[in-house]
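Chemist: Mind having a look at this structure? Questions to follow.
The values are calculated or read from the model by the stated rules, or taken from the named source; none is laboratory data. Bear in mind that the values here come from a model prediction, so they are computed numbers and not experimental data. Neighbour counts are summed over all protein chains in view; Cβ atoms, including those assigned to glycine, are modelled from backbone coordinates with ideal geometry. Surface areas here come from the heavy atoms of the whole protein model, side chains and all, with no ligands, DNA or RNA. Shrake-Rupley method; radii C 1.70, N 1.55, O 1.52, S 1.80 Å.
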Amino acid sequence: MLEIRLADLQDRDGIASLLRDNSPSRGGALTGEFPADKVAAMLQTGMPVIAALRGGQVVGALFSAAADHPSPPPAVAAMLRAWPGSPNAYVYGPICIAESERGQGLPARLYAALRARLPGREAILFIRRDNAPSLSAHLRLGMREKAAFILDGVEYTVLSDAD
């Protein structure tokens, strides 16, 4: 049975393992690496992180972050320059789904749980332009392309759930 809930520090290692398995250093499509200490810091920002667990194992995670963070990572800073969003916007992502769970609608369930915790707020995210599966999945969620940017020679699309 699949459990979707707010993540906490007890989920740190499971989330870090999922992210590591999908990291660029292992051929995955995530932007950046997410060791356990970085995951722990992200879990403690006060913004919701949603986890999906099957049999007690983390099989999905969706992060959110404040858009007004004073020193965002370079990709987030570039995204916000391209599309700053509304005053109450937040940064959506990363989202990561275990390979065993793909194609079963889990991103929509994680997104619905996040929206329930951040009602009425605009989600802003970026996806590598060459990541067709993620772009397609997010367009199915109702996200719309708003802008684009290039960082370190890589093209990204900025999406938002705002009209």
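Chemist: What ³J(HN,Hα) values, in whole Hz, does the Karplus curve 6.51 cos²θ - 1.76 cosθ + 1.60 give for region 136-144 when θ = phi - 60°, with x put for Gly and Pro?
Modeler: 4, 4, 6, 5, 5, 6, x, 5, 10
Chemist: If each residue of separation counts as 0.36 nm, what is the full-extension length gain between ALA108 and SER71 once their alpha-carbon separation is subtracted?
Modeler: This chain segment gains 10.4 nm when fully extended.
Chemist: Spin-label point model (7 Å from Cα, Cβ direction): what's the ARG26 to SER86 distance in nm?
Modeler: Those two pseudo-labels are separated by 3.7 nm.
Chemist: Of the DSSP beta bridges with both residues in region 35-163, give the percent that are antiparallel, rounding to the nearest 5.
Modeler: Bridges in region 35-163 are about 90 percent antiparallel.
Chemist: Put LEU19, LEU9 in order of accessible area, largest first, 1.4 Å probe: what do you get?
Modeler: LEU9, LEU19
Chemist: Which FRET efficiency value, to the nearest 0.05, is calculated for ALA41 and SER100 with the Förster distance at 35 angstrom and r the Cβ-Cβ distance?
Modeler: The computed FRET efficiency comes out at 0.80.
Chemist: Continuing with this model, one more query. I'd like the FRET efficiency for MET1 and LEU141, computed as 1/(1 + (r/R0)^6) with the beta carbon distance as r and R0 of 22 Å, rounded to 0.05.
Modeler: That gives a FRET efficiency of 0.40.
Chemist: Report which label in (1) 1.21; (2) 0.96; (3) 1.36 holds the value of Cα Rg over 2.2 N^0.38 Å derived from the coordinates of this structure.
Modeler: For Cα Rg over 2.2 N^0.38 Å, the calculated option is (2).
Chemist: Separate question: Using the Cα centre as the reference, give the magnitude of the dipole from point charges on the C-beta atoms of the chain (Lys, Arg: +1; Asp, Glu: -1; all else neutral), rounded to the nearest 20 debye.
Modeler: 260 debye
Chemist: In whole percent, how big is the carbon plus sulfur part of the accessible area of region 2-160, probe 1.4 Å, protein atoms only?
Modeler: 52 percent
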